[in-house]
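A.B. asks: Structure incoming, see below.
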Amino acid sequence: MGLCKCEKRCVTALFCFEHRVNVCEKCLLEKHQTCVVQSYLEWLSNSEFENFCILCNYPFTDRETIRLKCLHLFHKDCLHSKQVSMSEETKTENRKCPRCLDKIFPVNNQTSPTIEVLKKWLLSTNWGRNGFGLPSDPTINDFAISKPPPVEAPVPRKKSIGSQERKPSSTVIEMDSSMPTIHETFQNITQERNFASRNKQSDNIPWQYEKNSSKLLTSDDNESKYKKRSVVSRFRYLQFRTIRKPLTIIIVFTFIVYILYSIFSRAMSDSSPLADHEVARNE
């Protein structure tokens, strides 16, 4: 929902894809007769649009247009010619919009400024009158209405909001077959450089790009990283890794036993009778 730019500032859900503004139904009929208009939600989901009639591939501005109740736009003569080509016994519900296949004829209780214009145009044709259940008017000749021009072969491209179309260049550059290609030129330059370096016998070797240069630079690292180890080295590594933890536990346990043994042996020596006898004799 948004506000129209007109003086009344009407709240509307319609949105003009070409001008990127909200439009009310009055402005739709007065200022946007040839514009692609749909709901604002439709524009948010897909901002691409086609500013030409899909029945003839000509722009809407070329001839008079008519907007259906689904808001899709067509040239009057294109839509009329398509409907006249159908059988007179075609049911009303089978006359549909060429783009979205919505019914062309509005229901009786459906009304809006756009639908009123559509009804007025439908009543100006016999197939339209028959669709409303009215008899044919003998003064109206559906085949006397001017026929649309033949369908244009090249279909205009889709226009997207905010995008700029690039005009295709008509310049054609012809290449002489005798001229060397880029690959041949590059190969000749490389050969000349190699020949010059050999003649000068310089110690400075010109740098040459090689596809496997990265592999050459890191060959030592890769060799040491992915080098296969011998069976003996693997066995030693696994053996040391396996006994490392038990060996540590044994060493710690032995150290603790030694400390405890020292403490208890000293205590026992202090409390023995022989020690008391030695003390008494010394006195």
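The values are calculated or read from the model by the stated rules, or taken from the named source; none is laboratory data. As the structure is a computational prediction, the values presented were derived from the model and not from experiment. Quick reminder, even Gly has a Cβ in these numbers, built from the backbone with ideal geometry, and neighbours come from all protein chains shown.
A.B. asks: Out of (1) among the aromatic types (Phe, Trp, Tyr); (2) surrounded by fewer than 17 Cβ atoms within 10 Å (Cβ to Cβ); (3) in contact with a helix residue (DSSP H, G or I) (Cβ under 9 Å, 6 or more places away or on another chain), what's the single condition that is false for residue 40?
C.D. replies: (3)
A.B. asks: With respect to residue 65, determine if the residue is closer than 15 Å to residue 98 by Cα, outside the structural domain of residue 7 (by TED's automatic domain parsing) and among the β-branched types (Val, Ile, Thr).
C.D. replies: Spelling it out, residue 65 is indeed closer than 15 Å to residue 98 by Cα, outside the structural domain of residue 7 (by TED's automatic domain parsing) and among the β-branched types (Val, Ile, Thr).
A.B. asks: Just to check your reading of the model, which residue among 140, 104, 115 is in contact with a helix residue (DSSP H, G or I) (Cβ under 6 Å, 6 or more places away or on another chain), of a type outside the set (Ser, Thr, Tyr) and surrounded by 12 or more Cβ atoms within 10 Å (Cβ to Cβ)?
C.D. replies: None of the others qualify; the one that does is 140.
A.B. asks: If I ask for residues that are within 17 Å of residue 132 (Cα to Cα) and surrounded by 13 or more Cβ atoms within 10 Å (Cβ to Cβ), which ones from region 80-101 would you list?
C.D. replies: Pass one, region 80-101, residues within 17 Å of residue 132 (Cα to Cα): 80, 83-84, 86-97.
Of everything in region 80-101, those that are within 17 Å of residue 132 (Cα to Cα) and surrounded by 13 or more Cβ atoms within 10 Å (Cβ to Cβ) turn out to be 80, 83, 84, 90, 92, 95, 96, 97.
A.B. asks: Going by the structure shown, is residue 89 more than 24 Å from residue 122 (Cβ to Cβ) and either in a loop (DSSP other than H, G, I, E, B) or modelled with pLDDT of 90 or more (or both)?
C.D. replies: no
A.B. asks: While we're here: Out of all the residues in region 130-142, which are more than 12 Å from residue 83 (Cβ to Cβ) and not aliphatic (A, V, I, L, M)?
C.D. replies: Those that are more than 12 Å from residue 83 (Cβ to Cβ) and not aliphatic (A, V, I, L, M): 132, 133, 135, 136, 137, 138, 139, 141.
A.B. asks: Let me spell it out: the conditions are (1) without any contact (Cβ under 8 Å) to a residue 40 or more places away in the chain; (2) buried (at least 17 other Cβ atoms within 10 Å of the Cβ); (3) not assigned by TED's automatic domain parsing to the domain that holds residue 131, and residue 5 meets all of them except one. Which number is the exception?
C.D. replies: The one condition residue 5 does not meet is (2).
A.B. asks: Sticking with this structure for a sec: Any residue in region 30-43 that is over 19 Å from residue 75 (Cβ atoms) sitting within a Cβ distance under 9 Å of a residue that is small (Gly, Ala, Ser)? List the pairs, counting only those 6 or more apart or interchain.
C.D. replies: If the second residue must be small (Gly, Ala, Ser), the pairs left are 39/13; 40/2; 40/13; 41/13.
A.B. asks: Do any strands (runs of 3 or more DSSP E) entirely within region 1-83 hold 3 or more residues that are within 33 Å of the chain's Cα centre (by Cα) and among the hydrophobic types (A, V, I, L, M, F, W, C), and if so, which? If you could, list the steps in order and put the result at the bottom.
C.D. replies: Numbers: elements: 14-16, 37-39, 65-67, 73-75.
Counting at least 3 such residues, we get 14-16.
A.B. asks: Scan region 8-37 residue by residue and report those that are exposed (fewer than 15 other Cβ atoms within 10 Å of the Cβ) and over 21 Å from residue 64 (Cβ atoms).
C.D. replies: Correct list: 8, 9, 11, 13, 20.
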